[in-house]
Structures are given as C-alpha cells and as structure tokens.
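Okay, structure first, notes after.
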Amino acid sequence: MPIKIIPIKDIKNCIAKLKKGDERAFQIIYNEYGSQLLGFTRRHVKSTELAEEIVHDVFVKLWEHREYIKDESTVKAYIFTICKNHILNTLRKVSLDFSRNVDNNIIEETNPEKQMMAKELHDLIANAVSALPKQRQIVFQLSRNEEKSYEEISLALGIGKGTVQDHLVKAKRSIKEYLIANGELTV
C-alpha cells in the first residue's frame with residue numbers, strides 16, 4: 001500500500017483539532033506517523049514486541065499531553081522526541097534490570113567467600129554513596145534505586161534536567177574514585 005503524505009496545511013489543522021480532543025484528528029496523526037515511529041523504534045530496541053509497546057505508549061502520551069503541542073512546531077518532531085526519550089528510558093531500565101540480576105546472582109552465590117566479598121563490595125558502594133553531598137545522594141538514589149528518569153527527578157526536586165545529569169555524572173565519578181582509593185577497582 002503506498003504511503004499517503006498528508007499536506008502540511010492538513011497536519012496543522014489536525015494538530016488544532018487534536019488539541020481540542022478530536023479523536024479523528026488523533027487517528028489521522030497515528031496513521032501518518034505510526035509506521036515511521038515503529039520502524040525507528042524497532043531499529044533501536046531490536047524487538048518488534050517492545051517497539052510496538054513503546055509506540056503505543058508514545059501515542060498515549062501524545063493524547064494525554066495534546067494541549068501542550070505548539071501549533072508552530074511539527075507534531076512529527078514532538079512525537080519522535082517523546083519516542084527517543086522513551087527508548088532511552090527503556091534501554092536504561094533494561095540495563096538496570098540486567099545489572100540487578102547480576103548483583104542478585106552474586107549475592108545468591110553459595111560460596112561463603114564470594115558472598116563475603118560481594119557484601120564487602122556492596123557495603124563499600126553504600127559508603128561511597130553516603131559520602132556524596134546530600135543532593136547528589138538523593139539524585140543518585142532516585143535514579144538507581146527508584147528508576148526515575150531525569151525528567152521525573154527534575155520535577156520531584158525542582159531542579160533542571162541538566163543539573164540532574166551533572167549530579168549523576170559527578171556521583172558516578174566520585175563512587176569510582178572511592179572504589180579505586182579503597183583498592184576495589186583498578187584503572
């Protein structure tokens with residue numbers, strides 16, 4: 001089936017209607033960009049099922065935040081930005097889940113010596129985190145323990161996303177330096 005391109009004028013009209021809650025306009029926008037978004041997402045997550053779930057979430061978010069779309073901006077850029085952020089959050093969560101599984105496997109180790117080493121490393125990391133400035137500790141724990149996104153942390157603490165990122169970069173650097181100084185990590 002050939003791809004039907006909707007003229008810019010019609011897209012702007014759809015955006016205006018979408019902002020007012022018009023479901024038909026939403027359907028037109030979904031039909032126009034859904035398959036492009038799915039292809040984009042599939043290339044990044046390498047899973048059709050996960051890509052479909054992300055695209056669904058993106059369009060749900062579009063519908064929920066439709067009143068914030070600026071008439072002069074393109075809905076395509078808006079949707080792809082939502083999608084990119086969702087992909088990054090999903091990949092971060094998958095990475096974190098993998099890391100936790102590795103940590104759990106280490107902790108579940110039956111060898112008492114390995115268990116002791118894992119506990120010592122865990123305690124050392126906890127000490128490194130507690131040595132961070134208070135705000136940095138909070139940002140780090142929200143990111144790592146509660147799996148909050150930069151935006152969620154930013155809103156919760158009333159700071160910019162750039163500040164959140166800066167805190168996390170500095171926290172990771174401090175923790176790494178702490179582990180090196182205590183002989184648990186080599187450069």
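The values are calculated or read from the model by the stated rules, or taken from the named source; none is laboratory data. Fair warning: this is a prediction, and the values are worked out from it, not measured in the lab. Every residue, glycine as well, gets a Cβ built from its backbone with ideal geometry; the counts of neighbours run over all protein chains shown.
Observations, loosely collected:
Yes or no, residue by residue, for (1) in the same structural domain as residue 151 (by TED's automatic domain parsing); (2) farther than 19 Å from residue 149 by Cα; (3) touching a Leu at 6+ places or on another chain (Cβ under 9 Å):
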| position | (1), (2), (3) |
| --- | --- |
| 27 | no, yes, no |
| 31 | no, yes, no |
| 39 | no, yes, no |
| 43 | no, yes, no |
| 53 | no, no, no |
| 66 | no, yes, yes |
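- For the stretch 44-72, filtered to residues that are assigned to a helix (DSSP H, G or I) and more than 17 Å from the chain's Cα centre (by Cα), the residue that is farthest from residue 90 (Cα to Cα) is 67.
- Residue satisfying all of: in the stretch 133-186; within 15 Å of residue 89 (Cα to Cα) and among the polar types (S, T, N, Q); modelled with the lowest pLDDT among these: 145
- Residue count for the stretch 37-58 satisfying the condition of being farther than 13 Å from residue 84 by Cα and in contact (Cβ under 8 Å) with a residue 24 or more places away in the chain: 1.
- Subset of the stretch 126-178 (residues that are exposed (fewer than 15 other Cβ atoms within 10 Å of the Cβ), assigned to a helix (DSSP H, G or I) and of a type in the set (Gly, Ala, Ser)): 126, 130, 156, 162
- Residues that are over 17 Å from residue 20 (Cβ atoms) and either among the acidic types (Asp, Glu) or surrounded by fewer than 18 Cβ atoms within 10 Å (Cβ to Cβ) (or both), drawn from the stretch 46-69: 46, 47, 48, 49, 50, 52, 53, 56, 57, 60, 61
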